[in-house]
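The values are calculated or read from the model by the stated rules, or taken from the named source; none is laboratory data. Computed from a predicted model, the values in this text were never measured in an experiment. As a convention, Cβ positions derive from the backbone with ideal geometry for all residues, glycine included, and neighbour counts pool all protein chains shown.
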Amino acid sequence: MNNRKVELFVGLFVALAIASMLVLAMKVADKGIAGNGETYNLHAKFDNIGGLKVRSAIKVGGVTVGRITNITLDADEFTPVVTLTISKEYDSFPETSSVSILTSGLLGEQYIGLQPGFSFDDESGILQDGDFIEDTKSALVLEDLIGQFLFSKSED
Amino acid sequence: MKALVSLGASTLDRIAALGRATAILTGALFAKPTPMKSFPLVLKQIYVVGVQSLLIILVSGLFIGMVMALQAYTVLVSYGAEDSLGPMVALSLLRELGPVVTALLFAGRAGSALTAEIGLMKATEQLSSLEMMAIDPLRRVIAPRFWAGVISMPLLAIIFSTVGILGGHAVGVDWLGVDSGSYWSIMQATVEFNQDVVNGIIKSLVFAFVVTWIAVFKGYDAVPTSEGISKATTQTVVHSSLAILGLDFVLTALMFGTY
């Protein structure tokens, strides 16, 4: 086996590995390396976040605009506080926007649906980095629904 | 009394072996770098260790991806969740099977060969001859093989995962009729580059380090008889497999344990 042939095969081997890496980056894990870009944070208080997790999606009309980056419990009010990290591309949500915790499909994972509010010309501003979204709807917890249903049945 | 003595002796043996292994590693790694001389040697070893392992990696990656798609499909379809086939195949390959199976195959294919080669060099006193000629066998023989293993295995693991995902696509989409769009798009929505791909590569690097170290040490430390070499080769495969599986649990717990 002469030297040139060894070099050729090692070169092919490394090229194959790089090609595989590109497939993994582009096709398997989409927008992996580059595409995070600049983001800003909003906060929202819920009564109950159900099965929401860090890295769950934030969607506006089905389009993913960001991800949840932090979930903590407010020490005074004992309510969960969720940090929404949203891409800078979408930085003009009115202050009257509302968020609700939704489920994709019957058994799917939970995500946050952001419903942009109406913007009146002067009266309401735009959500800035660090703002709290006031209008929130909690997650539907299946056990609570069943409990309510049974309770109302037993009253009849 | 006798049992205590043998326990003590075997413990001391093990500690001494660990010390010798570390001495070999430091001797091979921490030396004045001579890139002009050592680069062709490493290249030759990457050919032996990496390129010649390519076929077994390609074939097993393809078939593991295909089998996993087939098995997962039969379970998922009963919940109407066959669209989740893509993320299932991709995540298990990237996080676990890619690094682990590659490392196991590598230990069997390349690790045993390394041990046998170095052990035979020792038995035929080639290593002593090198020392006679004032060439450090740690740097001339051990170091290139070690680096070649550490470089090759992550590359092999990447290739393994990619081929497996393509094999899963072949079975899931082309044969079983999962929608091609949802196979890729749900996979893309689930797999995260830093979390899954990079952690898989880190795992594979750790395995590469451990497997190559064990293989090189067992060869260098072998009793220079035919029986000793056969024992060393067996030990390489057994010890590396155990180390891979044990370390895999630790690494998985550290990387993905909180999710």
Residue within the stretch A:69-81 that is buried (at least 18 other Cβ atoms within 10 Å of the Cβ) and closer than 19 Å to A:D129 by Cβ present: no
Every residue from the stretch B:18-42 that is touching a helix residue (DSSP H, G or I) at 6+ places or on another chain (Cβ under 8 Å) and farther than 20 Å from B:D136 by Cβ: none
Any hit, the stretch A:93-105, residues being in a loop (DSSP other than H, G, I, E, B), of a type outside the set (S, T, Y), modelled with pLDDT of 80 or more and touching a strand residue (DSSP E or B) at 6+ places or on another chain (Cβ under 9 Å): yes
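Suppose the filter is modelled with pLDDT of 85 or more, under 19 Å from the mean Cα position of the chain (by Cα), more than 22 Å from B:P87 (Cα to Cα) and within 14 Å of another protein chain (Cβ to nearest Cβ); does A:I71 pass it? Steps first, please.
Working: modelled with pLDDT of 85 or more: yes; under 19 Å from the mean Cα position of the chain (by Cα): yes; more than 22 Å from B:P87 (Cα to Cα): yes; within 14 Å of another protein chain (Cβ to nearest Cβ): yes.
Taking the combined requirement at face value, the residue satisfies it.
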Count of the stretch B:131-146 residues which are within 13 Å of another protein chain (Cβ to nearest Cβ) and either surrounded by fewer than 17 Cβ atoms within 10 Å (Cβ to Cβ) or hydrophobic (A, V, I, L, M, F, W, C) (or both): 0
Qualifying residue in the stretch B:79-93 (condition: in a helix (DSSP H, G or I), away from chain A (no Cβ under 14 Å) and either more than 27 Å from B:L205 (Cβ to Cβ) or of a type in the set (A, V, I, L, M) (or both)): no
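Let me confirm something: among A:D129, A:D144, A:D156, which residue is under 17 Å from the mean Cα position of the chain (by Cα) and either farther than 27 Å from A:T69 by Cα or at pLDDT 80 or above (or both)?
Numbers: A:D144 fails: under 17 Å from the mean Cα position of the chain (by Cα); A:D156 fails: under 17 Å from the mean Cα position of the chain (by Cα).
Going through A:D129, A:D144, A:D156 in turn, the sole match is A:D129.
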Matching helices (runs of 4 or more DSSP H) fully within the stretch B:136-236 where at least 2 residues are closer than 18 Å to B:A110 by Cβ: B:143-169, B:199-220
Hits in the stretch B:10-46 - residues which are over 18 Å from B:F217 (Cα atoms) and in a loop (DSSP other than H, G, I, E, B): B:K32, B:P33, B:T34
Hits in the stretch B:243-259 - residues which are within 14 Å of chain A (Cβ to nearest Cβ) and surrounded by 12 or more Cβ atoms within 10 Å (Cβ to Cβ): B:F256
Some residue of the stretch A:16-34 being over 22 Å from B:Q188 (Cβ atoms) and surrounded by fewer than 13 Cβ atoms within 10 Å (Cβ to Cβ): no
Lone qualifier among B:S240, B:S230, B:S182 - being within 14 Å of chain A (Cβ to nearest Cβ) and not β-branched (V, I, T): B:S182
Among (1) touching a residue at least 60 places away in the same chain (Cβ under 8 Å); (2) small (G, A, S); (3) out of contact with any Gly (no Cβ under 6 Å at 6 or more places or on another chain); (4) more than 14 Å from chain A (Cβ to nearest Cβ), the one test that B:A215 misses: (3)
Residue in the stretch B:80-93 that is under 24 Å from B:F209 (Cβ atoms) and either modelled with pLDDT under 95 or among the aliphatic types (A, V, I, L, M) (or both) present: yes
Among the candidates B:S128, B:S161, B:S112, residue that is more than 13 Å from chain A (Cβ to nearest Cβ), polar (S, T, N, Q) and closer than 26 Å to B:G50 by Cβ: B:S112
